[in-house]
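Student: One structure, pasted below without further comment.
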C-alpha cells in the first residue's frame, strides 16, 4: 500500500508522456506496495496532469497546495516537506528545476522510494 507523490516542473505538460511513464511504473511496481492514493502539489504542469491521472484511473487524490500568501517563498519547500511526510513513494519528472530538486531532497530525507524520470 503506497501513497505516491507525482511531481515535476510547472512548464512540463506532455500528458501522453507522463501517463505512459506512470502506467509503466505501475506495472513494474510490484514489490508489495500497490498504489492507494495519488499525492500532488496543486501547481500547473505535472501536478495538474497527476490530478488528471488520479481521476482517469479512479485513485483517491490528496492535494497539498502551497500557501504563497501566508508563507511567501517558503511555501513551496513547506508543501514539499508535508507531501514527503505524508507519502511513501515519489515519482519525479526532473529537468533540474528547483522545486522538483527540493521534493527529491525531502523524499530522500524522509526515506521514500524514489523514481526519477529525466525530462528535457
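Student: Which angle between 0 and 90 degrees, to the nearest 10, do you get for helix 98-109 versus the longest principal axis of the chain when only C-alpha atoms count?
Tutor: Relative to the chain, helix 98-109 is tipped by roughly 70 degrees.
Student: May I ask for the angle, rounded to the nearest 10°, between helix 46-56 and the longest principal axis of the chain, with both axes built from Cα atoms and the value confined to 0 to 90°?
Tutor: Tilt relative to the chain: about 40 degrees.
Student: Percent of alpha carbon pairs in the chain separated by more than 23 Å?
Tutor: Numbers: 1438 of 7140 pairs.
The answer is 20 percent, as a whole percent.
Student: When the chain is fully extended, how far beyond the present Cα-Cα distance does residue 75 get from residue 1, taking 0.36 nm per residue of separation?
Tutor: Details: separation 74, 0.36 × 74 = 26.64 nm, distance 2.85 nm.
That works out to 23.8 nm of additional length.
Student: Enter the angle in degrees (range 0 to 90, nearest 10) between the Cα long axis of helix 15-28 and the first principal axis of the Cα atoms of the chain, meaning the one along which they spread out most.
Tutor: Once rounded, the angle reads 60 degrees.
Rule-based calculations on the coordinates, nothing more; no lab input. Predicted model only: the values in this text are computed from it and were never measured.
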